[in-house]
Every structure is written in C-alpha cells, then in structure tokens.
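Student: The structure's right below; bear with me while I get my questions together.
The values are calculated or read from the model by the stated rules, or taken from the named source; none is laboratory data. Nothing here was measured: the structure is a model prediction, and the numbers come from that model. Neighbour counts run over all protein chains shown; Cβ positions are idealised from the backbone, glycine included. To get the accessible areas, we keep the full protein, side chains included, count just its heavy atoms, and leave off ligands, DNA and RNA. Shrake-Rupley method; radii C 1.70, N 1.55, O 1.52, S 1.80 Å.
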Amino acid sequence: MLRKTLAVATAAAAVLSGTAIVFSTGPAMAQNEQFIPRLVYRTGAYAPNGIPFANGAADYITMINERDGGIGGVKLIMEECETGYATDKGVECYERLKGKGPTGAAYFSPLSTGITFALTEKVPGDKIPLLTTGYGRSESRNGAVFPWNFIAVGSYWTAADIAIQHVAKELGGIDNLKGKKISLVYHDSPYGKEPIPALEARAKLNGFTFKAIPVTHPGVEQKSQWLAIRQDRPDYVLLWGWGVMNSTSIKEAAAVAYPRDKIIGVWWSGAEPDVTPAGDQATGYKALMLQHPAGKFAVHGDIEKHVYAKGQGVGKDTNGQVLFNRGLIDSLIGVEAIRTAQEKFGKKPLTGEQVRWGFENLNLTAARIKELGFEGMLAPMKFSCADHQGADQARVHQWDGKEWKIISDFYTADRKILDPMVAEYSAKYAAEKKITPRDCAKES
Amino acid sequence: MVVFGQFLEVLIGGLLAGVLYSLVALGFVLIFKASGVFNFAQGAMVLLAGLALVRSLDFMVARGIPTWAAIVLALMFAAVVMAITAALIQKFVLGPLVNQDGLSLFMATIGITFVIEGAGQMIFGSDVYPLRLFPTDAWFVLGGIFDGGLLVSKIDVWGGLIAGALVAVLAIFFQRTKTGRALRAVADDHAAAESVGIPITWIWFVVWLVAGLVALTAATVWGTKLGVQFSIVFLALKALPVLIIGGFTSVPGAIVGGLIVGAGEKIAEVYLGQLIGGGIEYWFAYVLALAVLLVRPQGLFGERIIERI
C-alpha cells in the first residue's frame, strides 16, 4: 500500500513538475543485477489504461525475484519513468535510463506507438531491444530491417485482418463482405493510423467500402464523427481508440443508436476502463483480444503467493483485468528473452545486444507456456531473425454488461495479404533511412 | 429533405455542444471580469470539482446512503473543496501578487493548474469515475418529416438549461448586488478599488469561490457525459476560442461564442472534414477565433478598452 501510494505520489509529482520522473522499485544496483526500465503513465489522460498494464508488468518482475531469486541467480532491478503517454517525455525517460545498471537497459517497453516511432530511430545506435507487445510499427516484424524492434504477439495489421475475418464470419462468409460498408473510428495519431493500409488492402480484396474517420486527441469530443456515422450507416464500425476515447465512442454510439454489437474494437479498446464508464450502454460491444482474456490463471496464483501475500506488489486492485494480464505478458516475454540469452552468454547481467539474441531465439512452446503459468492466456509463439512478431493470432470477446465473454476461437491473420505489405513498407523504410538489411539466412 | 434533415441534426448537435463549452468558458469570464486575471486553471478546477463530487458520491452510496441524499451531500462536499481551494489560492498565490501586472497573475494560474491536476489525482485517484446525474440517451424528434427523426441529445439539452440558469444568476449577481459591483471595480484597478475601501483579498476569495462553483456545475454535466477523469482539463482548450469570439468580459458573450464554436466546428467536421481528411474540428474553432480577432479584437461582446496616453 505504501509502495502504491509512493508510486502515485511520485507520478503526480511528474505532472506537477511537467517532466518525466523516475521511480525506482529496487535498492541501489549491485554488479549481479539486470536492469529493466519501464516507461509508464500513471497520471494524465491515459492513466486509467496505463495503470493496470504497468501494474501487471511490475508485479511479474517482482514475482520472478521473489519466487525464483531472479533469472539464473541474477536479480532483476526495475525503474519506472512517467511519460504521461507523451513522446517527448518518453524519449527523455529513455535517455535517462538507457545506461543504468551494470550492463545498461536490457530492453525498453514504452506502451506508446508514438514513443515507439521516436525510439525506433535511437535503439540501433544504443543497441537496446524495443519490445512493443501488440503495438508499434507493423512493418517492424521484419527483423532484417528492424533488428532492434520486437512487435511481439501481434501488430495492428494482424488486428485489422482478424477484425475483418470476424466481420466476415458474422456476415456468413468472406464473400458477403462485398458491397458492405465498414468505417474505422481512429485516434488521430501514429497508433490510430497504423491499421489503415491493411484495411484498405482488405477492402480492395473483398469488395467492401472502407472509410476512415479520425478523432483528435484525447477523444473527448466525437459528436461530429458519430453524427456522420448515423448518416452514413456503415454495417460495422472498427474502433481504434485509447483511453477516454474508447468509452466516449461507445457513449456516442449509444446516443446515435448505433448498435454496440456492430462495433469491434482493437485489443487496446477492449479492457475494463473502456466499457465501465459507459455503463449499460456498453453491453454487446466487442473487441479483439491480444490472445489473452481477463481473469486469473496459474501465474496469478504465484503472484498472490509470492508477491501480495508478502505485502509487496502494486497491482492487487487490478489483478486479473485485461490490461494487467497484458502487462504480465509483456514482462513474461522480456524475462524469457533474458533467460534464453543467458543460455548462450552465461548467467550474468547481459547487455542489450545479448538480450536481443534472446528475443530472436525465444521459442515459447505450449509446454513452456503451461510451465510458466500462462496456459489459457497465450498460444505458442516463436521469434527469429526474420520474424520479430512471433505470432499471428487473436480472439474476440464481448462485454455482457458485467464482464468480458470470449465469443470466438483463435483467428490467424492472413499472411498472404500481410507479408507483402511488411516487405513493401520495411523496404521503403530501409531506403529512406539508408539501412542495409541483415541477411537472416546467414545468421540463423 | 434527407440532406436538409442531416444538416439540421448537425447544426442542433453543434449548438447544444457549444453550450457545454460555454459552461467551462463562464468560469474564465467570471474571474477575468472580476479580477482581470486570465485563469488558466479553470479546466483543472472542473476536474477537481468533478473528482471531489464523484468520489464522495461513490463513498456514500457504497455505505447505503440513499442516492438523492448522497448527491446533495456530495455536491456540498465538492463545494467545500472548491471553497478551500479558493482560500488557498487567494492566500498563497494571489495575495502576494496584489498590484502585479496581468501577465504575472496569468503565469501564476499556470502553476495553479499543475498543482490542482497533480493534487486532485493524488487525493481522489486517476481512474475514470462514472457519474450519472442526467440522462445520456437521445430524443428523435420530427420523425414524420425527416427519415429516422432528428437526433437531440438529452444531456446536451440539460447542459443548455443549466447554462441558461447560470447566466441569469451571474447577470443578477454582477448587476444587482453590492459584491458584484465591487468585483467589477477590482477588475478595473486593484489599487483604486482598495483605496475606496473594497477589501481586495475578500473579493478575490469570493470570485475564485464562484468560479469554483461554476466549475462544479460544469463538472456535473461533463462528468455525466464523459465520466470524471483527467481529460476534462482539456475542455479549457475548447473554452479558449469561445472566449476570444464572445469576449473575455461578457457572460452572454460566452454563450454566443459557445454557440458559434459548437455549430461551426461540427458543420466543418462533417461537411468540410470529409474533403480534407477529417479531424479538423479542434483547430477549426481557432480559425473562427482568429477571424473574429482580425475584425473585432475585443470579441463580439467584449468591452472595448480605450486607454488615453
């Protein structure tokens, strides 16, 4: 409780001062410690979504220290830095934390596509992996061009493709998309714009009319957009919002009597803070899942036993929520990348470059996922030099007014559509930045 | 007929949304009119008032207090919080700055903004807190004339009624009461007002208290519309073009400015936005404000200040 109060007070101080503030959850660093920085937002417009994610990520790392004594005997030391979801503060946090610890930052996880875009330019020079679980540049799947980015579990193009697959299933088949109207209501930022190329490609392929409707940050005023939707009457609306924008969209949809069960949100629009402010108006609303649901699994038992029972941790109140669970997965992937790297480089604090090897050789099999306590949350995933995403699957859940209910099995994104896009966009990026792509065939 | 119906729907929606901006703008006008200070902290005050209201309301409802009684008590608690805030601002910020120029006072209110935002979230939390004081669904009127009817949002109508009542009360306060006239005297010249016996520290406390109560009123409507949360502070940015258009010193100007901004930005977003990629309503309000500034710098209803050298 004291630690939680301290976290909130420190984050509030960040708002007071207007600058990024660092919050340490560990003692002074010793030589046998691995440093993991965490860019978080516990205050500001996006705090309701940022807090549970940050809690899950932090409590998993605390659990690894308490249950296992760290990774291979190397204790994990974590520091949070408040970004307020602002790109400038995110870069400031990165610069402040990248060199900390005996070997520097193991990896960064910014939880912001805007900060990801900025750091993508910086991490190659500092040789630090950038873990972006379910967000970031979709073309960064291509590890040959983006050696330091790891867009783990799924990209926005994956999400867009799967959302259309789900719409097709509800319509009775992919051919029934022809002639339909699908609108995208999106946060007018790099995050919100990411799915547009994938949806345009699908519209061209499947013959539906696609319309993109931007909403300005932070998304509190959407009346015009929803009046336009009322007039246009699309068959489905895809929602690509974050923070207050999501609940406002649902409320405005209710106000114009647009059926909530015809709205499908991306996985960043499908958590408890997105629906509870809208009350009964959110009933029927659907969203993609970044594989995992809300609820508690084996790993939660370990966290309760080894963290909360000892009076530690910061996320007891948010334990089991959608974004808390996603924070767990984010740290799981980072921790397992370090563990994988230790198998090659030894059980000692590792550099960012060594941890990158761990990411590229990370293979989370079904047996390993079960062993780690994530069975039922994640499907197997395998990374490589060429594939920095590792997985292509998602499910759909629906808010029943009280909780999220899973309503679909796993969908797999159509790589016949997405792989050429990844190749095209990453080649364009390489040409623009004068990057010579790695030859992954030689490296593997 | 369909096209006209759609236009009418956007226009009505815009006008009503504009009235909600006016609710926030009124707080700015009040302080500027009474003290000559542009209060950058008005958005943060709406957030603080909303947090105090919703958190105390949730606390009392959870303990079995009847909802109507909990609402009354929560409104009273929030009013007390705003009174304490006004007293602290007067004592520690404005008091020491008496007779300083307007820019110093404006800078001080920027500092107040950050303090209120941080302290409010630290004390009351930074989650989204649902508030349900008014209905949030819509009427569909004139269904016989327009296909599907014209949509009129109930919360927006409530906002309009509250804004109208607020304007009437404030007009009477400024024009008919001794304190109201004293406020106007202080706005014209701090030193001159003090020299004729007007207690400037008391007057500033009163004006910040009234602005706090206006913020609380705005918070009831905006909190119901969005849920009480940090993003409410961004409403201050919506109020700025309203003030520029209506004039910083005019209560009716805040209403008319709100109507112009609301209708203008919604029509622009729906009809012009389609042609240039959308997402234009945020800056379009400032384009309207700029146009007014060029032809009438004091705003449509603002007092024209003539200084003789």
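Student: Most fluctuating residue of B:Ala218, B:Ala254, B:Ala192 in a GNM of chain B with Cα springs under 10 Å: which is it?
Tutor: Checking each option, the largest mean-square fluctuation is seen for B:Ala192.
Student: Considering only protein heavy atoms, what is the solvent-accessible area of B:Met45 at a probe of 1.4 Å, reported in Å² to the nearest 10?
Tutor: Here the residue's solvent-accessible area equals roughly 0 Å².
Student: Further, regarding this structure: Dimensions of chain A along principal axes (Cα, Å, largest first)?
Tutor: Here the spans come out as 63, 51, 43 Å, largest first.
Student: Still on this structure, I have one more. Which residues of region B:250-298 bury at least 40 Å² of accessible area once all protein chains are present, versus their chain alone (1.4 Å probe)?
Tutor: Buried by 40 Å² or more upon assembly, which counts only protein chains, are B:Lys266, B:Val270, B:Gly279, B:Glu281, B:Tyr282.
Student: Quantify, in whole percent, the carbon and sulfur part of the accessible surface of chain A (1.4 Å probe; protein heavy atoms only).
Tutor: Ligands and nucleic acids excluded, carbon and sulfur reach 52 percent.
Student: At B:Trp283 and A:Glu121, where each label point lies 7 Å from the Cα along Cα→Cβ, what is the point-to-point distance in nanometres?
Tutor: A separation of 2.0 nm, rounded to one decimal place.
Student: May I pose another question? Per residue, how large is the accessible surface of chain A? Use a 1.4 angstrom probe and give square angstrom.
Tutor: Working: 14560 Å² over 444 residues.
On a per-residue basis, chain A sits at 33 Å².
Student: Quick check: pseudo-label points 7 Å beyond the Cα along Cα→Cβ at A:Glu432 and B:Arg181, how many nm apart are they?
Tutor: Taking the two extended label points, one gets 6.6 nm.
Student: Straight-line reach from A:Lys428: which aspartates and glutamates fall under 16 Å, measuring Cα to Cα and dropping same-chain residues less than 8 apart?
Tutor: A:Glu121, A:Glu139, A:Glu194, A:Asp419
Student: On the principal axes of its Cα set, how long, how wide and how thick is the protein assembly as shown? Give whole Å, largest value first.
Tutor: 85, 65, 58
Student: With +1 on each Lys and Arg Cβ and -1 on each Asp and Glu Cβ, and nothing else charged, work out how big the dipole of region B:2-233 is about its Cα centre, in Debye to the nearest 20. Provide the component values of the computation, followed by the final result.
Tutor: Details: 11 positive and 11 negative charges, 112 e Å.
Computed charge dipole of region B:2-233: roughly 540 debye.
Student: While we're on this one: Taking the Cα centre of the protein assembly as shown as the origin, how large is its charge dipole in debye, to the nearest 20, when only Lys and Arg (+1) and Asp and Glu (-1) carry charge on their Cβ atoms?
Tutor: 360 debye
Student: Among A:Asp409, A:Asp235, A:Asp387, which one shows the biggest mean-square fluctuation in a GNM of chain A, springs joining Cα atoms closer than 10 Å?
Tutor: It is A:Asp409.
Student: Then there's this: For region B:2-233, what number of Lys pairs, 8 or more residues apart or on separate chains, have alpha-carbon atoms under 29 Å from each other?
Tutor: For region B:2-233, qualifying lysine pairs total 5.
Student: Sequence gap at least 6, Cα distance under 8 Å: using those rules, report the relative contact order of chain B to the nearest whole percent.
Tutor: 33 percent
Student: Given an 8 Å cut-off on Cα distances and at least 6 residues of separation, report the relative contact order of region A:212-307 as a percent.
Tutor: Reported relative contact order: 25 percent.
Student: To continue, here is another question. Of the heavy-atom accessible surface of chain B (probe 1.4 angstrom), what whole percent is carbon and sulfur? Don't skip to the end; give the middle numbers.
Tutor: Details: 9310 of 13190 Å².
Answer for chain B: carbon and sulfur cover 71 percent of the accessible area.
Student: If each residue of separation counts as 0.36 nm, what is the full-extension length gain between B:Ile145 and B:Trp68 once their alpha-carbon separation is subtracted?
Tutor: So the extension gain works out to 23.8 nm.
Student: Report, in whole Å, the centroid distance computed from the Cα atoms of region A:173-212 and region B:225-264.
Tutor: 34 Å
Student: Which one of B:Ala191, B:Gly27, B:Val54 has its Cα pushed farthest toward the positive end of the charge dipole of region B:2-233, where Lys and Arg give +1 and Asp and Glu give -1 at the Cβ?
Tutor: B:Ala191
Student: Express in % the proportion of alpha carbon pairs of region B:2-233 at distances exceeding 28 Å. Walk me through the numbers before you get to the answer.
Tutor: Numbers: 10126 of 26796 pairs.
The calculated P(r) of region B:2-233 puts 38 percent of pairs beyond 28 Å.
Student: Here's another thing I want to ask about it. How about A:Lys416: which lysines have a C-alpha closer than 17 Å to its C-alpha, ignoring those fewer than 8 places off in the same chain?
Tutor: A:Lys204
Student: Under a cut-off of 17 Å between alpha-carbon atoms, report the aspartates and glutamates in cross-link reach of A:Lys251, not counting same-chain residues fewer than 8 places apart.
Tutor: A:Glu221, A:Asp261, A:Glu272, A:Asp274, A:Asp280, A:Asp400, B:Asp137, B:Asp156
Student: Quick one: which of A:Lys100/A:Lys127; A:Lys127/A:Lys316; A:Lys89/A:Lys347 span more than 24 angstrom between C-alpha atoms?
Tutor: A:Lys127/A:Lys316; A:Lys89/A:Lys347
Student: For region A:94-169, with only Lys/Arg (+1) and Asp/Glu (-1) charged at the beta-carbon, what is the dipole magnitude about the Cα centre, in debye rounded to 20?
Tutor: Dipole of region A:94-169, to the nearest 20 debye: 160 debye.
Student: Rounded, prolate or oblate for region A:369-427? Axes are the square roots of the Cα gyration tensor eigenvalues, ordered a ≥ b ≥ c, and the cut-off for rounded is a/c under 1.5.
Tutor: Taking the square roots of the gyration eigenvalues as a ≥ b ≥ c, region A:369-427 is oblate.
Student: Over both sides of the A-B contact, add up the buried accessible area with a 1.4 Å probe and give it to the nearest 100 Å².
Tutor: 3500 Å²
Student: Another question about this same structure. Just to be sure I understand the interface: list residues from region B:208-232 that lose 50 Å² or more of accessible area between the chain on its own and the complete protein assembly, 1.4 Å probe.
Tutor: The answer is B:Lys225, B:Leu226, B:Ser231 - residues whose exposure falls by at least 50 Å² when every protein chain is included.
Student: Using the heavy atoms of the protein chains alone and a 1.4 angstrom probe, what is the accessible area of region B:1-129 per residue in square angstrom? Don't skip to the end; give the middle numbers.
Tutor: Working: 5060 Å² over 129 residues.
About 39 Å² of surface per residue is accessible.
Student: Residues of region B:74-121 losing 20 Å² or more of accessible area relative to the isolated chain, 1.4 Å probe, heavy atoms only?
Tutor: By number: B:Phe114, B:Gly118, B:Gln121.
Student: For region B:34-113, calculate the relative contact order in percent as a whole number, restricting contacts to Cα pairs under 8 Å that are 6 or more residues apart.
Tutor: Across region B:34-113, relative contact order equals 52 percent.
Student: Along the Cα→Cβ direction, 7 angstrom out, place labels at B:Asp101 and B:Ile123. What is the inter-label distance in nm?
Tutor: 3.4 nm
Student: Right, something else. Anyone know which of A:Leu238, A:Leu199, A:Leu227 comes out most mobile in the 10 Å Cα GNM of chain A?
Tutor: In the Gaussian network model the winner is A:Leu227.
Student: Calculate, for B:Arg304 and A:Glu424, the FRET efficiency according to 1/(1 + (r/R0)^6) with r their C-beta to C-beta distance and R0 56 Å; round to the nearest 0.05.
Tutor: Numbers: r = 60 Å, r/R0 = 1.07.
Efficiency for this residue pair is about 0.40.
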